[in-house]
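Heads up: the structure comes next, in structure tokens.
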Amino acid sequence: MRRNKRLNLTFKQQQQLGGFLFSLPFLIGFVFFFVNPMIQAIRMSLSELTLTSNTFELEFTGLRNFRQALFVHPTFVRIFTEVFVELVTTVPLIIGFSLFVAMLLNQEFKGRTLARVLFFLPVIMGAGVVMKMEINDFANIVRQDHINQAARFGSATFRFILDNSFLPAQLIDFVVDVAESLPKVIRASGVQILIFLAGLQSIPRSVYEAANVEGATAWEGFWLITFPMLTPLILTNAIYTIIDSFIRMDNELVLLIRDTMFGGDGYGVGMAMAMIYFAAIAVVLAVVYAVLSKRISYQA
């Protein structure tokens, strides 16, 4: 009887094989479900689409759709800029708020499970189907309008108080913008809180006990143990938050691209906007990864 020979792999080779097998489902999905639609999207962005009785026809127009989107369309560049400026301010707020709440929920107190559920509820409410129902629901539109009016009134009062505090105008604007974006930050922080909470629970308690024996304070323990051990998750949450912010159903630029495709300047121009948006997202993710990956620590 023939005996099966076992593969003699080194530990590093076993790790590489495990990583490849772990990534294999994504690679298969990427090849079969992403590459072909991406090629079709690029073709459509460089062409003018004409519907026929049975199918559609593409007439190559070069970069005309891109010029239409960047230099002719009245609102694309403005909304594009506003979305990216908002991203610069909201992503650090979401990451900081998520880490703060995760550290609170990691403490022992009565009702901790209920508190965790309450902070995760916005994730369910922010799901694509639920959000689409909210957007199209008239009662929700009226309710949201009242909330926005109350927020504007509160912001005006808050700004009036700060104006009398003789603080710099730039600082006042920043503080008011942060206060106005707080509801959106809370709603967008559910998944990040869970990730940070899992990371906090994975840090060995013996590390903190050794630090206490050495006389380290809680503040020093956070910066020397907790924060370094969470840096890989900070990168993960930053990438997730950026992608989630860019593709949310209530993103103004996503809505503009959809309206342009189906009721504006045409499918080709809308697809050109989508390609510009996709390229910008790729650049932002590459920059964020390059900056944060150099500061990741896997040991305290």
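The values are calculated or read from the model by the stated rules, or taken from the named source; none is laboratory data. Quick caveat, the model's predicted, so the values are computed rather than measured. Every residue, glycine among them, receives a Cβ derived from its backbone with ideal geometry; neighbour counts consider all protein chains shown.
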Residue count, the stretch 8-45 (criterion: of a type in the set (Lys, Arg) and either over 23 Å from Phe278 (Cβ atoms) or not in a helix (DSSP H, G or I) (or both)):
1
Considering only residues that are aromatic (Phe, Trp, Tyr) and either surrounded by 10 or more Cβ atoms within 10 Å (Cβ to Cβ) or closer than 18 Å to Asp259 by Cβ (or both), which ones fall in the stretch 51-73?
Phe56, Phe66
Between a residue in the stretch 246-273 that is in contact (Cβ under 8 Å) with a residue 60 or more places away in the chain and of a type in the set (Phe, Trp, Tyr) and any residue that is crowded, with 16+ Cβ neighbours inside 10 Å and assigned to a helix (DSSP H, G or I), which pairs come within a Cβ distance under 7 Å, given they are 6 or more apart or on different chains?
Phe246/Ile281; Tyr267/Met44; Tyr267/Met261
Name the one entry in Met261, Met273 that is modelled with pLDDT under 90, of a type outside the set (Gly, Ala, Ser) and out of contact with any strand residue (DSSP E or B) (no Cβ under 7 Å at 6 or more places or on another chain).
Met261
Residue within the stretch 46-63 that is modelled with pLDDT of 90 or more, out of contact with any strand residue (DSSP E or B) (no Cβ under 9 Å at 6 or more places or on another chain) and in a helix (DSSP H, G or I) present
no
Being in a helix (DSSP H, G or I), over 12 Å from the mean Cα position of the chain (by Cα) and hydroxyl-bearing (Ser, Thr, Tyr) is the filter; apply it to the stretch 75-98 and report the residue that is nearest to Ile186 (Cα to Cα).
Ser98
Which one of these does Thr61 not meet: (1) under 26 Å from the mean Cα position of the chain (by Cα); (2) farther than 23 Å from Ile243 by Cβ?
(1)
Residues being surrounded by 12 or more Cβ atoms within 10 Å (Cβ to Cβ) and either within 31 Å of the chain's Cα centre (by Cα) or touching a residue at least 40 places away in the same chain (Cβ under 8 Å) (or both): count how many of those fall in the stretch 205-222.
4
Please indicate, with yes or no, whether at least one residue in the stretch 239-247 is at pLDDT below 90 and within 30 Å of Glu48 (Cβ to Cβ).
yes
The one condition Leu194 fails out of (1) modelled with pLDDT of 85 or more; (2) surrounded by fewer than 16 Cβ atoms within 10 Å (Cβ to Cβ) is (2)
Scanning for something over 30 Å from Leu233 (Cβ atoms) and basic (Lys, Arg), does the stretch 41-53 turn up at least one residue?
yes
Output the residues belonging to the stretch 252-300 that are aromatic (Phe, Trp, Tyr) and under 30 Å from Met229 (Cβ atoms).
Tyr289, Tyr298
Taking Leu230 and the conditions (1) within 24 Å of Phe97 (Cα to Cα); (2) of a type outside the set (Lys, Arg); (3) modelled with pLDDT under 90, which numbered condition does it fall short on, given that it satisfies the others?
(3)
